[in-house]
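Each remark here refers to the structure printed beneath this line.
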Amino acid sequence: MKNITVLTGAGISAESGIRTFRDSDGLWENHRVEDVASPQGFAKNPVLVWDFYKARYQQSLDAEPNPAHYALTRLEEHFGDSFNLITQNVDGLHIRAGNTRVYEMHGRLAMAFCSSCRSKTATSELDFSQKIPICTTCGGNMRADIVWFGEIPYYLYEIDEILKNTDFLLILGTSGVVYPAAGFVMTAKIFGATTIAVNLEEPENRRYLDEFYPGKCGELVPQIVDKLIQNYGGR
Ligand code: NAD
């Protein structure tokens, strides 16, 4: 069985109504990323940062997975343990669509952790009558379980192993600008994978791609998934 790895970015959720950075000139829902996605931003204005993540969390609950997300659940059904999905997204839509082999490398809106004792709590369990939710274990300030700029993404060791052992890397809806994810294509390519991307615009790391399909994930991903299943079988 061929090993198939998928890397997704904000573009795959655009057709679910969640905006990407590039849509809005490098702003995240009208905020500068350093204000809402950095430890310094949180230290400066924790109330603003919590208001931002509460709104992002609610938006993610209101959104529905789109045909591209569902195509990836079919890919996992067919390829089982030979399938892995690495996402830079924090919206939880891959898991809601039914994928289980998901590495949420930038964290998840659905969880929070204490900035003092690091104990984790589901965002749905937080007491939002307080402007900054307080840790029920130690009284510290809770923060969103999001990897902010300047912090180390999750699962980097596991991801490196996956990339070195994959036959295909499918890169969907990502600008190829944000590292380290933008460099994953190089690792996969050096270790012999075929690299394929779908994006509205040409990604920055185009030269490492064997195939690039310009267009919308919701339209193109189901077709690519059908071909992979047809050609490489799976279950
Ligand atoms: P990005 O905003 O840098 O790039 C998204 C890319 O998707 C753009 O190149 C754009 O042309 C493309 N795109 C937009 N709509 C598309 C569609 N329908 N089909 C195909 N491509 C489409 O996003 P990124 O590269 O993922 O990195 C930015 C960071 O932003 C990530 O780390 C992520 O954590 C964070 N972010 C996440 C979400 C989310 O969870 N949905 C949303 C915004 C930002």
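The values are calculated or read from the model by the stated rules, or taken from the named source; none is laboratory data. Small disclaimer: the values here were computed from a predicted structure and weren't measured. With ideal geometry, Cβ positions are generated from the backbone for all residues, glycine too; neighbour counts draw on all protein chains shown. For accessibility, only protein heavy atoms count, side chains too; no ligands or nucleic acids. Shrake-Rupley method; radii C 1.70, N 1.55, O 1.52, S 1.80 Å.
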Legend entry - Scan of the stretch 99-118 for residues that are out of contact with any helix residue (DSSP H, G or I) (no Cβ under 8 Å at 6 or more places or on another chain) and farther than 22 Å from Ala37 by Cβ, ordered by number: Cys117
Legend entry - Flag if Phe83 is away from the ligand (no atom under 16 Å from the Cβ), surrounded by 18 or more Cβ atoms within 10 Å (Cβ to Cβ) and aromatic (Phe, Trp, Tyr): yes
Legend entry - Looking only at the stretch 161-211, and only at residues there that are at pLDDT 95 or above and polar (S, T, N, Q), the one that is farthest from Leu75 (Cα to Cα): Thr187
Legend entry - Only one of Ala14, Ala43 that is in the same structural domain as Cys217 (by TED's automatic domain parsing), open to solvent by 40 Å² or more (accessible area, probe 1.4 Å) and either outside any strand (DSSP E or B) or more than 17 Å from Gly92 (Cβ to Cβ) (or both): Ala14
Inset, instruction - Take Tyr157 and decide whether it is at pLDDT below 95 and either of a type in the set (Gly, Ala, Ser) or open to solvent by 20 Å² or more (accessible area, probe 1.4 Å) (or both). - result: no
Inset, instruction - Answer yes or no: is there a residue in the stretch 126-134 that is surrounded by fewer than 21 Cβ atoms within 10 Å (Cβ to Cβ), within 20 Å of Gln88 (Cβ to Cβ), more than 11 Å from the ligand (Cβ to nearest atom) and of a type in the set (Asp, Glu). - result: no
Inset, instruction - Might you check whether a residue that is at negative phi, buried (at least 22 other Cβ atoms within 10 Å of the Cβ) and away from the ligand (no atom under 16 Å from the Cβ) occurs anywhere in the stretch 92-107? - result: no
Inset, instruction - Scan the stretch 148-189 for residues that are of a type in the set (Gly, Ala, Ser), away from the ligand (no atom under 11 Å from the Cβ) and either in a loop (DSSP other than H, G, I, E, B) or free of Cβ contacts under 8 Å to residues at least 24 places away in the same chain (or both) and jot them down. - result: Gly150, Gly183
Legend entry - Residues within the stretch 59-105 that are in a loop (DSSP other than H, G, I, E, B) and without any contact (Cβ under 8 Å) to a residue 40 or more places away in the chain, tallied: 5
